[in-house]
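Working notes for the structure below.
The values are calculated or read from the model by the stated rules, or taken from the named source; none is laboratory data. It should be emphasised that the depicted structure is a prediction, and the values quoted were computed from it without experimental measurement. Positions of Cβ are generated from backbone atoms using ideal geometry, with glycine treated the same way; all protein chains shown enter the neighbour counts. The area values use the complete protein model at the heavy-atom level, side chains included, leaving out ligands, DNA and RNA. Shrake-Rupley method; radii C 1.70, N 1.55, O 1.52, S 1.80 Å.
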Amino acid sequence: MQILDGKSLALKIEETIKKEVQLLNQQQITPGLAVILVGDDPASQSYVNMKAKACKRTGIYSTTHEMPQSITQDSLLQTISMLNQNPNIDGILVQLPLPQHIDTTTILEAIAPHKDVDGFHPFNVGRIAANLQGFTPATPMGVITLLQAYDINLKGKNVVIVGTSNIVGKPLGALFLNHNATITLCHIHTNNLIEHTKNADILCVAVGKPNLITKEMLKEGAIVIDIGINRLENGKIIGDVDFDNVAPICSFITPVPGGVGPMTIASLLQNTIKATKIRANL
């Protein structure tokens, strides 16, 4: 069994980004990322802080627009419009989830597609599904980058994805399909989940349910990508996989934390640099 170390790979990616930022600075270009945070959800605040620190480490200018839970949808749309028109901002990221009185789809569609570094705008979703150039959602992008870094060939692999969110499961399925894997998407209504997971060469789980995947649900030598993040009552962070019992039968497995999480932030930074280069016609 080998650990897929997303933390160390993310640091390597950051070093590359730092060099790219320095080259852009020499041309009087500064990459800029704007994050919108609504409310005071601790998990969201933590993610935003981690993104801000990563920007600081790599030299990307970042600004966070903190807004109260009670903000109106119109006010939020006005802020996005302002950022769309700001020439110093290359990427716009709205931290999810949003309060219930705000329509998430309307907000995400308001972001200019060329600044959509989260890859959630339908324009970019469609381009990724069609295997065309666009902004790939950061978590799925990070998963593929991590597998490729360990020279894992995806062609012809049976890939089972548990969790079909628009942010992770669906776009991850599209990416695997673009790499000629055979994909199965499973969700809360899937009957007899074990029938599917037992057939997986690569199993990806993004549900948010601790210990959902047990060793009985996997075949020997499977590759396991745990995308779930769950905070237990004692404060410990774990994924969706029963790591201690599953790891011994895997060929590769991601830890939580230190697996997919750091890769998500690294991918976001890569998308921001990509947006900067589009803006600068580079």
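At a glance:
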| item | result |
| --- | --- |
| Residue that is farthest from L96 (Cα to Cα) [pool: residues in region 70-85 that are of a type in the set (A, V, I, L, M, F, W, C) and part of a helix (DSSP H, G or I)] | M82 |
| Residues that are farther than 25 Å from I237 by Cα and out of contact with any strand residue (DSSP E or B) (no Cβ under 8 Å at 6 or more places or on another chain), drawn from region 195-220 | E195, K198, K219, E220 |
| Flag if M1 is touching a helix residue (DSSP H, G or I) at 6+ places or on another chain (Cβ under 6 Å) and open to solvent by 50 Å² or more (accessible area, probe 1.4 Å) | yes |
| Of residues in region 124-160 being more than 28 Å from E14 (Cβ to Cβ) and free of Cβ contacts under 8 Å to residues at least 40 places away in the same chain, the one surrounded by the most Cβ atoms within 10 Å (Cβ to Cβ) | G126 |
| Inter-residue pairs, beta-carbon under 7 Å, first open to solvent by less than 50 Å² (accessible area, probe 1.4 Å) and in region 55-79, second of a type in the set (K, R), 6+ apart | T58/K18; G59/K18 |
| Lone qualifier among G258, G239 - being in contact with a helix residue (DSSP H, G or I) (Cβ under 6 Å, 6 or more places away or on another chain) and in contact (Cβ under 8 Å) with a residue 12 or more places away in the chain | G258 |
| Test: residue in region 32-51 that is open to solvent by 80 Å² or more (accessible area, probe 1.4 Å), of a type in the set (A, V, I, L, M, F, W, C) and more than 26 Å from P97 (Cα to Cα) | no |
| Residues (outside any helix (DSSP H, G or I) and either farther than 22 Å from C55 by Cβ or out of contact with any helix residue (DSSP H, G or I) (no Cβ under 8 Å at 6 or more places or on another chain) (or both)) located in region 99-117 | P99, Q100, H101, I102, D103 |
| Enumeration of residues in region 221-266 that are more than 19 Å from the chain's Cα centre (by Cα) and either part of a helix (DSSP H, G or I) or closer than 15 Å to V168 by Cβ (or both) | F243, D244, N245, V246, A247, P248, I249 |
| Odd one out for I102 among (1) touching a strand residue (DSSP E or B) at 6+ places or on another chain (Cβ under 8 Å); (2) without any contact (Cβ under 8 Å) to a residue 12 or more places away in the chain; (3) under 23 Å from V168 (Cα atoms) | (2) |
